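Trainee: One structure coming up, written as structure tokens, with questions to follow.
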Amino acid sequence: MFEKWGYFAYRHRRIIPIVIVVAVLALYGVLGTRLAERMSQEGWDDPGSASTQAAQIEEETFGRDNNGDVILLFHSPSDRTLDDPRTFGAAQEHLRNIAELPQVDHVTSYFDTRNVQLINQDHTEAFAALGLKGDGEQTLKDFRAIKDQLVGELPGGTTIQVAGATAVADALDEGMAGDIHRAEIYALPAVGLLLLIVFGSVVAAAMPLIVGVLSILGSLGVLSFLAGFTQVNIFAQSVVTLLGLGLAIDYGLFMVSRFREEMDKGIKVETAVAITTATAGKTVVFSAAMVAVALSSLFVFPQAFLKSVAYGAISAVGLAALLSLTVLPSIFSMLGKNIDRWAVRRTSRKARRLEDTFWYRLPAWAMKHAKVSTVVVAGVLVALAIPLVGVTFGGINETYLPPKNETRVAQDDFNDTFPAFRTEPVKLVVTNADNRQLVQIYQQANAVEGLTGRFSASSTKNGTTVLSAGIQDRSLNQHVVEQLRNISTPEGVKMYVGGTPALEVESIEALLNKLPWMALYVVIATFVLMSLVFGSLVLPAKAIIMTVLGMGATLGILTLMFVDGLGADLLNFTAGPLMSPILVLLLAIMYGLSTDYEVFLVSRMVEARDRKASTDQAIKYGTAHTGHIITAAALIMIVVCGAFGFSEIVMMKYIAFGMIAALFLDATVIRMFLVPAVMHLLREDNWWAPRFIRTAYAHLGHGEQVPEPRAEYVPAARPHPEPAAAAQPVSSSSEPAPESPPADPCPDWHEEDEGIYEAEIVEDHETSRHGRRARDDDELIPFSELMRRLEIEQQTRNELE
């Protein structure tokens, strides 16, 4: 199927890119440009939890609790108080003007009520609470409409800070928008430079970038389309950009590398395209399937945030694979040998034996010291995971902003000065209780430890009463909520524990309860897929175990950084609990990326094994052919993640640094040392599978035959002792000599011949054209002639032996 698609792409090489590019641009133009207005700030909570029911009952009875939407914190200079007549009058006038704005529902302040609870003891700080009229996303739009009018100039140097739940949400939103802009401005040029270094050619380097840019535009369009039917959290846009850009460029890198490798063999462009799609293209599709399966595990969880990120990320991964399999083969077909045009330096390809390459010697060393390598690497990974025992979980709040962010500073000042009025109170929603029963509940609630003060009660309406109180510290949320749950209620009375602390606690509980089901699903699904790709049951099991080791080490590093605070000052964030939904998302992404690289590496080993190579030969072959590509792919992903690592939002730092750690560990110590060592120890057991798996592999995995290349021309061989008649170069349209059979692209394994097609870019200052030296053009010989010479050389060796 993939081979046929390659030939199809070659025949329609001019129309396919036009159709795909126009479709992607239309999708972005019609839908992608409207994404910002369709995104949601909600979806972090479990919709089936008791705290969500409490919020629904409270809103249906009393309307939305908007008291903490916006907080204006007034500060007087040191030489006067806020009771100074000029200052007091100016503050009153300022708040009166705000109250008249159409977006404002009500304003409660010290300057209107003289309530001493709304001002500090020395009367230098006071606050006003603004309730906004809108619900849901409209609240944020209303805040943005009036934001510039909230801070005015008051006489005598009095200043105003803006805090509150909606202000914090707006600051988080702005930080995420800045992340995407940073990726566009810094990540893309840096990735382009890396690709230029890897390929040494502007044209070759441009191929993955084309896929990356189209993938971002298309993904934003798909995300906007999904937002029309389901709730899509604004955080999804950053994740989709990060994952879509990184994987699209990685997939493009693998496709370009394989096409250049095939062109180096001197075969026709059409056949090179077909082989590329039948090998690298198929691997890209299976790799994308692995990542998509890992991300689809997020559907297990009830939070709309995780579902929306899963929708967007799966769309981005699928689009990246689709573009790599449609646009790139068509462009390859048009470029042919011009894939190396516009070289940044004059280069030539120099034949080199595999065993002389770094990526061959590295796994050879690991296999030679297999037991030591396995124990040392596994021990290091386990040691890195040890800090994970101290992990704590929390919810989204102002601490996810940088310590010096204006909104963060304002919220911290308000919480410190007026702890009893924290904008995240815990609530008890009581229904069907008379006064006596309500007093019983009230007395038990006030006996709970960890509160900032006694519960305050709303008026009773339709048999419903809401009690609310602040919690001294967020670290006490779990303890306080559990105590409130244990309150005994009279018969017939229902009590729901609600408020932001309860929402966070129950969200964490829901995630931890569903986590085993996520793990079971993703392990079974990827195990089945990898069995089909590798034709083995042992290799998928090995891959899953190594992935778990790498994920554990990564989570240990994250705990050390973001919970224990290692590097917090340097990276400009505040250490604290990890946000559980982000941690679950990171697990899915890390698992997907790890299996992604496993597929690329082991697929080349399987190719060699199918050519009757021994286990050790297959390991060396696979690593030698993919080591530099996997390392380049990991570096590119690290660069993309690095752009998000400087995010103002701690949540994005989690994901960025988590991916950086995972990629570094996976592409270095795991793939280059642990995989070869363990496979060497397993030896022939690596390839064990029941018959039905082998049959399915022959039809779906790499067991399917790739097309046989038809010779075009190849560079002259190194000096040969056997004299031969001179031959003229064969044109691109020439066919092999009739008496010479077509070459098999995957002949039976002969390790001593494997260096023929291994290329190394070397400096060349001779006159050249199209990346080839002028003197080489006179030495080009037919492919059939080269094969005849090799056969004679092999016969001579056998006779001498």
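Derivation of every value follows stated rules applied to the coordinates shown; laboratory data play no part. Note that this is a predicted model, so its numbers are computed, not measured. In this analysis, Cβ positions are derived from the backbone assuming ideal geometry, glycine residues included, and neighbour counts consider all displayed protein chains.
Trainee: Report the calculated FRET efficiency for GLU42 and ILE386 (r = Cβ-Cβ distance, R0 = 30 Å), to the nearest 0.05.
Mentor: 0.25
Trainee: Taking all pairs of distinct Cα atoms, average 1/r, flip it, and tell me the Kirkwood hydrodynamic radius of segment 256-336 in Å to one decimal place.
Mentor: 14.0
Trainee: Right, something else. Between VAL548 and ARG86, what is the label-point separation in nm under the 7 Å Cα-to-beta-carbon projection?
Mentor: Spacing of the two 7 Å Cα→Cβ label points: 7.2 nm.
Trainee: How many angstrom lie between the Cα centre of segment 191-270 and the Cα centre of segment 352-409?
Mentor: Here the answer is 25 Å between Cα centres.
Trainee: So for the chain, taking the charge dipole from beta-carbon charges (+1 Lys/Arg, -1 Asp/Glu), which of ASN397, LEU328, LEU515 sits furthest toward the positive end?
Mentor: Going by the Cα projections, it comes out as LEU328.
Trainee: Please give the contour-minus-distance gain from GLN53 to LYS133: 0.36 nm per residue of separation, less the Cα-Cα distance, rounded to one decimal in nm. Can you show the working numbers first?
Mentor: Numbers: separation 80, 0.36 × 80 = 28.80 nm, distance 2.20 nm.
Fully extending the segment from GLN53 to LYS133 adds 26.6 nm.
Trainee: Neighbour counts of other C-beta atoms within 10 Å: give me GLU59, GLU648 arranged from fewest to most.
Mentor: With the sparsest Cβ surroundings first, the list reads GLU59, GLU648.
Trainee: Sticking with this structure for a sec: In nm, give the distance between the simple-model label positions of ARG436 and VAL372, each being 7 Å from the Cα along the Cα-to-Cβ direction.
Mentor: Roughly 8.2 nm, to one decimal.
Trainee: Modelling each spin label as a point 7 Å along the Cα-to-Cβ direction, I'd like the ARG691/GLN472 distance in nm, to one decimal.
Mentor: Taking the simple label geometry, ARG691 and GLN472 are separated by 7.1 nm.
Trainee: Does anything in segment 678-692 have its amide N under 19 Å from the 7 Å Cα→Cβ label point of TRP365, and if so which residues?
Mentor: Answer for this model: 678-681.
Trainee: Let me ask another. To make sure I understand, if each residue's beta carbon is the centre and we count other beta carbons within 10 Å, what order do LEU214, LEU193 fall in, fewest to most?
Mentor: So the residues, fewest neighbours to most, are LEU193, LEU214.
Trainee: Report the Stokes-Einstein translational diffusion coefficient (µm² s⁻¹, integer) for segment 69-163, Rh taken as the Kirkwood radius over Cα pairs, at 10 °C with viscosity 1.306 mPa s. Kindly include the intermediate steps, with their values, before the conclusion.
Mentor: Details: Rh = 13.5 Å.
For the chosen part, D equals 117 µm²/s.
Trainee: Within a 10 angstrom radius of the beta carbon, how do VAL426, VAL285 rank from fewest other beta carbons to most?
Mentor: So the ranking, lowest neighbour count to highest, is VAL285, VAL426.
Trainee: Find how much the distance from HIS106 to ASP356 grows on full extension, using 0.36 nm per residue of separation minus their present alpha carbon separation; answer in nm with one decimal. Could the numbers behind the result be given before it?
Mentor: Working: separation 250, 0.36 × 250 = 90.00 nm, distance 7.65 nm.
My answer for the length gained is 82.4 nm.
Trainee: Also: Which value results when the Cα radius of gyration for the chain is divided by 2.2 N^0.38 Å?
Mentor: The reported ratio for this selection is 1.15.
Trainee: Something else now. Using a Förster radius of 30 Å, what is the FRET efficiency between ASP148 and ARG34 based on their Cβ-Cβ separation? Nearest 0.05, please.
Mentor: Calculated transfer efficiency: 0.75.
Trainee: Enter the per residue convex hull volume of segment 422-578, computed from alpha-carbon coordinates, in Å³ rounded to the nearest integer.
Mentor: Cα-based convex hull of segment 422-578, divided per residue, equals 172 Å³.
Trainee: Next up: Please report Rg (one decimal) and Dmax (integer) in Å for the Cα set of segment 92-135.
Mentor: 11.5, 37
Trainee: Using the Kirkwood formula over every pair of different C-alpha atoms, what hydrodynamic radius in Å results for segment 36-112?
Mentor: 16.1
Trainee: So what's segment 3-42 giving for Rg/Rh, alpha carbon basis, Kirkwood Rh from the mean inverse pair distance?
Mentor: Values: Rg = 16.2 Å, Rh = 12.4 Å.
That ratio is 1.30, to two decimals.
Trainee: Another question, then. If amide hydrogens are placed 1.01 Å from N in the peptide plane, which non-local residues have theirs closer than 5 Å to the one on GLY498?
Mentor: LYS427, LEU428, VAL429
Trainee: Follow-up. Sum -39500 (n - 2.57) across every DSSP H segment of at least 4 residues in the chain, then divide by the residue count to get the 222 nm mean residue ellipticity, nearest 500.
Mentor: -19000 deg cm²/dmol
Trainee: Give the calculated FRET efficiency between TRP342 and LYS4 to the nearest 0.05, with a Förster radius of 45 Å applied to their Cβ-Cβ distance. Can you show the working numbers first?
Mentor: Numbers: r = 32 Å, r/R0 = 0.71.
Step by step, r from the Cβ atoms, then E = 0.90.
Trainee: Expressed as an acute angle from 0 to 90° and rounded to the nearest 10, what is the orientation of the C-alpha long axis of helix 370-385 relative to the principal long axis of the chain?
Mentor: For helix 370-385, the angle is close to 20 degrees.
Trainee: Would you kindly state how much longer the chain becomes between HIS12 and GLU482 on full extension, computed as 0.36 nm times their sequence separation minus their alpha carbon distance, in nm to one decimal?
Mentor: Here the segment from HIS12 to GLU482 would lengthen by 162.7 nm.
Trainee: Using the crude model of +1 on Lys and Arg Cβ and -1 on Asp and Glu Cβ, and no other charge, please compute the dipole size for the chain relative to its Cα centre, in debye to 20.
Mentor: For this selection, approximately 1420 debye.
Trainee: Okay, moving on. Mind jotting down the distance between the C-alpha centroids of segment 1-70 and segment 550-621, whole Å?
Mentor: After rounding, the separation between the Cα centres reads 27 Å.
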